[in-house]
Amino acid sequence: MSWLSDFQFGAMSRVVFGVGQAKQAGALARELNGRAALVMTDAGLAGLGLTEPIEASLREAGLRAERFDGVVTEPTLASVEAAVALFKERDCDLIVGVGGGSSMDSAKAVSLLVGNGGRFPEYTQRRVGTETGSPVTAYDG
């Protein structure tokens, strides 16, 4: 199997990869009963037009496509919060991450926040025990 082979990977989210797979975005979104998708990518990929076939497929399937091209390398809290705000403002119900790890990580972070509420730092706190058994909260910020 070469790295150019098509594949699909499914866990809690679905990853679709391969030449021409952008055309499947609309059908996949319809399977999920979506109405409006936030397409998340970085400015470079958006500038190259790489989200356009995905957005077209979504529209052809009857969905609204909203683009967020503010994904940054090693995603920041500010970029994730901006995407969450756009997701809510535009009344989206699906997230489509386009690109590499930063786009995927950002899409998962947005999904966590819109699905569960709160702010991201609340999810990065961890509790560790002390000698007295009293928990101490540490922040990995």
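The values are calculated or read from the model by the stated rules, or taken from the named source; none is laboratory data. Since the model is a prediction, treat every value here as computed from it, not as a measurement. When we count neighbours, we look across all protein chains shown, and the Cβ atoms used for this are built from the backbone with ideal geometry, even at glycine. Side chains are part of the model used for accessible areas, which takes the heavy atoms of the whole protein and leaves out ligands, DNA and RNA. Shrake-Rupley method; radii C 1.70, N 1.55, O 1.52, S 1.80 Å.
Among the residues of region 88-95, is there at least one that is out of contact with any His (no Cβ under 6 Å at 6 or more places or on another chain) and touching a residue at least 60 places away in the same chain (Cβ under 8 Å)? Give the derivation first.
Filtering region 88-95 for residues out of contact with any His (no Cβ under 6 Å at 6 or more places or on another chain) gives 88-95.
Applying the additional criterion that residues be touching a residue at least 60 places away in the same chain (Cβ under 8 Å) yields 94.
There is at least one residue in region 88-95 that is out of contact with any His (no Cβ under 6 Å at 6 or more places or on another chain) and touching a residue at least 60 places away in the same chain (Cβ under 8 Å).
Hey, does region 45-58 have a residue that's more than 22 Å from G18 (Cα to Cα) and among the acidic types (D, E)? First the steps, then the outcome.
Taking region 45-58 and keeping what is more than 22 Å from G18 (Cα to Cα), we get none.
No, region 45-58 has no match at all.
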Inset, instruction - Quick one: P121 ticks every box in (1) open to solvent by less than 60 Å² (accessible area, probe 1.4 Å); (2) at pLDDT below 95; (3) within 16 Å of the chain's Cα centre (by Cα) except a single one, so which number is it? - result: (3)
Legend entry - Top-ranked residue of region 29-76 - restricted to ones that are closer than 16 Å to S103 by Cα and of a type in the set (G, A, S), ranked as surrounded by the fewest Cβ atoms within 10 Å (Cβ to Cβ): G49
Legend entry - Positions within region 77-95 being open to solvent by 30 Å² or more (accessible area, probe 1.4 Å) and under 10 Å from M40 (Cβ atoms), in sequence order: I95
Inset, instruction - Could you tell me which numbered condition T132 fails, if it satisfies all but one of (1) at pLDDT below 60; (2) in a helix (DSSP H, G or I); (3) hydroxyl-bearing (S, T, Y)? - result: (2)
Legend entry - Scan of region 76-99 for residues that are assigned to a loop (DSSP other than H, G, I, E, B), at pLDDT below 95 and more than 11 Å from the chain's Cα centre (by Cα), ordered by number: T76
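In region 25-51, what count of residues is obtained for those that are farther than 15 Å from S111 by Cβ, under 17 Å from the mean Cα position of the chain (by Cα) and in a helix (DSSP H, G or I)? Steps first, please.
First pass over region 25-51, keeping only residues farther than 15 Å from S111 by Cβ: 25-28, 30-31, 33, 35, 41-51.
Checking the rest, the ones that are also under 17 Å from the mean Cα position of the chain (by Cα) come to 25-26, 28, 35, 41-46, 50-51.
Filter once more, keeping what is in a helix (DSSP H, G or I): 25-26, 28, 43-46.
Summing the residues that are farther than 15 Å from S111 by Cβ, under 17 Å from the mean Cα position of the chain (by Cα) and in a helix (DSSP H, G or I) in region 25-51 gives 7.
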Inset, instruction - Select from region 70-113 the residues that are under 18 Å from A25 (Cβ atoms) and acidic (D, E) and list them in ascending order. - result: D93
Inset, instruction - Pull up region 96-118, narrow it to residues that are touching a residue at least 60 places away in the same chain (Cβ under 8 Å), under 21 Å from A56 (Cα atoms) and of a type in the set (A, V, I, L, M, F, W, C), then point me to the one that is surrounded by the fewest Cβ atoms within 10 Å (Cβ to Cβ). - result: M104
